[in-house]
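Quick one: the structure is below, and I'll ask about it shortly.
The values are calculated or read from the model by the stated rules, or taken from the named source; none is laboratory data. Predicted, not measured: the structure shown is a model, and the values here were computed from it. Cβ placement follows ideal geometry from the backbone for every residue including glycine, while neighbour counts extend to all protein chains displayed. Protein only, heavy atoms only, side chains kept; ligands, DNA and RNA dropped before computing areas. Shrake-Rupley method; radii C 1.70, N 1.55, O 1.52, S 1.80 Å.
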Amino acid sequence: MTRFVPADLDELRDAVAAALAAEEPVELVGGGSKRGLGRPLQTPHTLDLSRLAGIRDYAPSELVLTAGAATPLAEIERALDAAGQMLAFEPPAWKMLFGGGGEPTLGGVLACNLAGPRRIKAGAARDHFLGFRGVSGRGEIFKAGGKVVKNVTGYDLCKLMAGSYGTLTALEEVTVKVLPRPEAVATVLVAGVDPPAAVRLMAAALGSPHEVSGAAYLPTGTALALALPIDSGRVALRIEGPAPSVAARRDSLLREHSGAGRAESLAHSESIALWRAIGEVAPLTATAERAVWRISVAPARGAEVAQAIARSLDTTWFLDWGGGQVWAAVPETGDAGAGIIRAAIRGPEGHGIGHGTGHATLVRGSPALRRAVSVFEQQPAPLAALSRRVKEAFDPVHILNPGRMVEGL
Amino acid sequence: MQMPLPDAAVILRRDEIAAALRLIVPGEGVIVSEPERRAYESDGLTAYRQPPLVVVLPSTLAQVASVMRYCRDEGIKIVPRGAGTSLSGGALPLADGVLLGMAKFNRILDIDYDNRCVVAQPGVTNLGISNAVAGAGFYYAPDPSSQIACTIGGNVAENSGGVHCLKYGLTTNNLLGLEIVLIDGEIVRLGGKHFDAGGYDLMGVLTGSEGLLGVVTEVTVRILPKPATARALLIGFAETEDAGNCVAAVIGAGIIPGGMEMMDRPAIHAAEDFVRVGYPLDVEALLIVELDGPAIEVDHLIDKVEAIARANRATSIRISRDEAERVAFWSGRKAAFPAVGRISPDYYCMDGTIPRARLAEVLARTRELSEQYGLRVANVFHAGDGNLHPLILYDANQPGEIERAEAFGADILRLCVAVGGVLTGEHGVGVEKRDLMGVMFNDADLAHQQRLKCAFDPDGLLNPGKVFPQLHRCAELGRLHVHAGRLPHPDLPRF
């Protein structure tokens, strides 16, 4: 058991080359905050990337930041905040979800392609990932993308790295697009709304020109540890931008949706707290002993899918992304609802997996559970075969995080 | 520009191949006659021409899959094509390759306002999507200048942008799902109406892959509610540097305009001569800044941008008072290419991206190169995202001018890379910038990209000769160079 702790790109290459020569895999660890995400690894060695850290280039007016892949997210956010900017994809830390151990890093949120509530407007990590350099499972240094916001030179390998969970390349340096932080934030809350009506309300709001940047639904009984009485089903809509614009859009939304339930609004700092809590999956973190699923479906199906799951399982759930993201906590017994949840995604028509209906990820579960069930959605055979070929193009001997996403890969 | 040497044996089989394709695509869908094939000999990069071996125009998914499988089995190259508007030669045919035209896939399959998306066949035009949803107050955001003609399938292949992409993203940021056919005829669906793939983001990789990885047969795009209003400022500057500083100050103030375009003196004059909209002619740089969104926000930001422009020594500022005036401001910029076409027999449109802070320096160096090559140049610039479009003026009838124009263009792109930018912001590599890839990427970088190609197309049959300067066999690329016995690396820090 070796712990490689490379201090620069060459040492990173030597570490991967050593593992490759020995044909002994490594587990990639940045801050170690998301080791519980994905299938559990049992590798002989650890590749500790934590020294590949620090902001290397940041020019606010170019909207671009370059940093060591293991730079703590908190350090990035402090630097951006000082310049009035942000990572627009609102990367969640999920510290509460995973019990708080470890420090989330920029490379980590990119490798997991995470995104917070602003996903619906600003995109996910993938949409802000401009370039990188690193070492592939072939033990070779390479780079892709660039350090400017607009670039189509060569394949967009950043997209491939985003969401690859360290199974293709050990990232050493990453470049991301950054954006101005909105001057003002407000939230419109509409209470007393049942799930199907909530999804319709969110669709109407997201289809309006009010530039809603967050749309979530907390059903009756879902607790949120804020000074906010969530006593009955509540839709939350976020608007951001220059102060006069936010006030006008807030008033328009209040007017347009007051017929659907009791409408009220939250001011700036309360709004920030609410949306942070939603991004951090706070409504489900109290249930530490439960398995947590993240389900991505067409937004209009969010309530239907959540209710179908709740009919069969003891479920605590809420909706984000206008209904497109269902968060569900279920008892960790048997397959922790994997079969029921995936059947609910396929829907009554039974389209079958991979036909555009959505996918479920087991975000939190015991190692035994994450070994037993598919953490990520299983793919149809041609897609699975293609994904395997892609893995082997970058990591032919399965040195990097093997089995993190798919057993044996 | 050297294309892969055509295989004479395949060319001799033209009639046999056409007959086999007719069994898959009956009737008019297979084109063999020389004059008809010639209609497909080039795309938007007209400097290169090559009639294809055969043209096939399938109209069903099953036909596409069968064509692909047939070509794979027979070892015949395929060049996919949408509307043929590529400016980098992405759809340039091969003498020994089948041209797979997707024009018959021209239907919108589903308009879903509840999920704010449209499912379309790849041959639907970019503007066709926006038009289909305009009545309900929606649009499709990426708007390449060829949007009236270019297809959504081609937009996916090239990851097309447009003037609004700083705020609304490129094609890749507005896609939800794809159906693709692989070279072996396998049909793969990626994404859908939901966000983010469960496995590797192969949709993200397909986007901008220039037809080298698979053929797109269905596209699901996001649609957005139309902004409530839009207004524009037309700002003149006596110095290019002031214009550059103004752009940086706008972004520094936390404003992301819907569009922010710059033109230099030659481009301003050409455009004004053409459309007569009252562009100031005594300035070195002209900036169009468009703010879109709720009316109250647009009014608020217009005031802010005006103040920023004044602080950056703007010599003239006009603010659109109504929609007609806003459109007029844009008309010169949108007509910049044909306007330049009027003052020169031919022009060559380049497409590099630079860090915006280096703009004045890059434009100054471009002017020096212009004198050195003896060719005029006009610059239009997507100022918000640093995407520069120098238009090199030349006359193809003058011996040697086209070669000089290409050499000049290549020098500009090398300059873009040298200042920290990239070879192409939105037009793609194609054949045009293929041989410059080595300026930006080393052999290991290119080998990693080509291994991805091998995972999709191990025999290199899809659109060969594009993007990569050298073709390597996948077996050769796949070889691992591991020196056993390199362990235990005693110099490595281990804890």
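Accessible area of the protein assembly as shown with a 1.4 Å probe: how many percent of it is carbon plus sulfur?
Carbon-and-sulfur percentage of accessible area, whole number: 51.
Find, to one decimal place in angstroms, the Kirkwood hydrodynamic radius of the range B:343-395, where the mean of 1/r is taken over every pair of different Cα atoms and then inverted.
About 11.4 Å, per the Kirkwood formula over Cα pairs.
Just report the Cα centroid separation between the range A:160-187 and the range B:45-99, whole Å.
36
A further question follows. How far is helix B:401-418 tilted off the main Cα axis of chain B, in degrees rounded to 10, range 0 to 90?
80
Using alpha carbons only, how many degrees (0 to 90, rounded to 10) separate the axis of helix A:73-82 from the longest principal axis of chain A?
Tilt relative to chain A: about 60 degrees.
Using only C-alpha atoms and all pairs of different ones, pull out the Kirkwood radius for the range A:2-180 in Å with one decimal.
With all distinct Cα pairs of the range A:2-180 included, I get 16.2 Å.
What is the ratio of the Cα radius of gyration of the protein assembly as shown to 2.2 N^0.38 Å, where N is its residue count, to two decimals?
In units of the globular-protein estimate, the protein assembly as shown measures up at 0.92.
Right, something else. Please give the length that would be gained between B:GLN398 and B:ASN131 if that part of the chain were fully extended, namely 0.36 nm times their separation in residues minus their C-alpha to C-alpha distance (nm, one decimal).
91.8 nm
May I ask you to find the residues of the range A:284-331 that are shielded by at least 50 Å² of accessible area once the whole protein assembly is considered instead of their isolated chain (probe 1.4 Å)?
Output list: A:PRO299.
Tell me, what is the Rg over Rh of the range B:316-424, with Rh the Kirkwood radius over Cα pairs?
Value, to two decimals: 1.03.
Using 17 Å as the cut-off for backbone N distance, which residues of the range B:294-331 belong to the label zone defined by a point 7 Å from the Cα of B:ASP282 along Cα→Cβ?
Counting only backbone N, you get B:313-318.
If I model a spin label as a point 7 Å beyond the Cα along the Cα-Cβ vector, how far apart are those points for A:GLU407 and A:ARG389 in nm?
2.5
For the range B:338-495, what's the relative contact order in percent, using C-alpha pairs closer than 8 Å and at least 6 residues apart?
22
Sticking with this one: Give me the net charge for the shell around A:VAL64: Cβ to Cβ below 12 angstrom, other residues only, Lys and Arg +1, Asp and Glu -1.
Net of charged neighbours comes to +2.
Here's a follow-up. Starting from the Cα-Cα distance between A:ARG276 and A:GLU77, subtract it from 0.36 nm times their residue separation and give me the gain in nm to one decimal.
Extra length available between A:ARG276 and A:GLU77 comes to 70.3 nm.
Suppose R0 equals 25 Å. What FRET efficiency, 1/(1 + (r/R0)^6) with r the Cβ-Cβ distance, do B:ILE343 and B:ALA39 give to the nearest 0.05?
0.30
Per the Kirkwood definition applied to all pairs of different Cα atoms, how many angstroms is the hydrodynamic radius of the range A:57-125?
12.6
Cysteines without a disulfide-compatible partner in chain B, using Cβ under 4.7 Å as the rule?
Lacking a cysteine Cβ partner under 4.7 Å: B:CYS71, B:CYS117, B:CYS150, B:CYS165, B:CYS246, B:CYS349, B:CYS416.
Which Cα, out of B:VAL431, B:SER146, B:ASN106, lies furthest along the positive dipole direction of chain B (beta carbon charges, K/R +1, D/E -1)?
Farthest along the dipole direction, towards plus: B:ASN106.
Compute the long axis of helix A:381-394 from its Cα atoms, compare it with the longest principal axis of the Cα atoms of chain A, and write down the angle in degrees, 0 to 90, nearest 10.
50
Filter the cross-link list A:LYS159/B:LYS167; A:LYS95/A:LYS391; B:LYS193/B:LYS433 down to pairs whose alpha-carbon distance in this structure exceeds 26 Å.
A:LYS95/A:LYS391; B:LYS193/B:LYS433
Can I ask one more? Only Cα pairs under 8 Å and at least 6 apart count here; give the relative contact order of chain B as a rounded whole percent.
Relative contact order here is 14 percent.
As a test of the formula, what do you get for chain B when each DSSP H run with n ≥ 4 contributes -39,500 (n - 2.57) and the sum is divided by the residue count, at 222 nm and rounded to the nearest 500 deg cm²/dmol?
Rounded to the nearest 500, the figure is -10500 deg cm²/dmol.
Oh, and also: Could you compute the FRET efficiency for B:GLU406 and A:THR287, with r as their C-beta to C-beta distance and R0 at 60 Å, rounded to 0.05?
E(calc), rounded to 0.05, equals 0.40.
For chain B, give the magnitude of the charge dipole about the Cα centre (Cβ charges: +1 Lys/Arg, -1 Asp/Glu; no others), in debye to the nearest 20.
Around 460 debye, computed over chain B.
Take B:GLN372, project a point 7 Å from its Cα along the Cβ direction, then tell me which residues of the range B:330-354 have their backbone nitrogen under 13 Å from it.
none
Right, next: Quote the convex hull volume per residue of the range A:184-279, based on C-alpha atoms, as a whole number of Å³.
Normalising the Cα hull of the range A:184-279 by residue number yields 81 Å³.
Still on this structure, please answer the following. Computed FRET efficiency, Cβ-Cβ of A:ASP314 and B:ARG414, R0 51 Å: what is it to the nearest 0.05?
0.20
Once the Cα atoms of the range A:93-135 are picked out, what are the Rg and Dmax in Å?
11.9, 32
How much length is gained if the chain between A:ARG181 and A:SER232 is pulled fully straight, taking 0.36 nm per residue apart and subtracting their Cα-Cα distance, in nm to one decimal?
15.2 nm
Right, another one. What shape does chain A take by its C-alpha gyration tensor, where a ≥ b ≥ c are the square roots of the eigenvalues and a/c under 1.5 counts as rounded, a/b above b/c as prolate, and the rest as oblate?
Oblate, since a/c reaches 1.5 and b/c is not below a/b.
Taking only protein heavy atoms and a 1.4 Å probe, what accessible area per residue, in Å², does the protein assembly as shown have with all protein chains in place?
On a per-residue basis, the protein assembly as shown sits at 34 Å².
Given only helices, namely DSSP H runs of n ≥ 4 each adding -39500 (n - 2.57), what is the per-residue ellipticity at 222 nm of chain A, to the nearest 500 deg cm²/dmol?
Computed mean residue ellipticity for chain A: -8500 deg cm²/dmol.
Going by amide H atoms built from the backbone, whose H comes under 5 Å of the H on B:TYR347, apart from near neighbours?
Under 5 Å from the amide H of B:TYR347 lie the amide H atoms of B:TYR394, each far enough along the sequence or on another chain.
Next up: If you average over every viewing direction, what projected area does the convex hull of the Cα atoms of chain B give, in nm²?
27.9
In addition: How big is the B-A contact in terms of buried accessible area, both chains counted, 1.4 Å probe, rounded to the nearest 100 Å²?
Interface area, both chains combined: 7800 Å², rounded to the nearest 100.
Could you check the simple spin-label distance between B:LEU109 and B:ALA253, using points 7 Å along Cα→Cβ, in nm with one decimal?
Output for this residue pair reads 4.6 nm.
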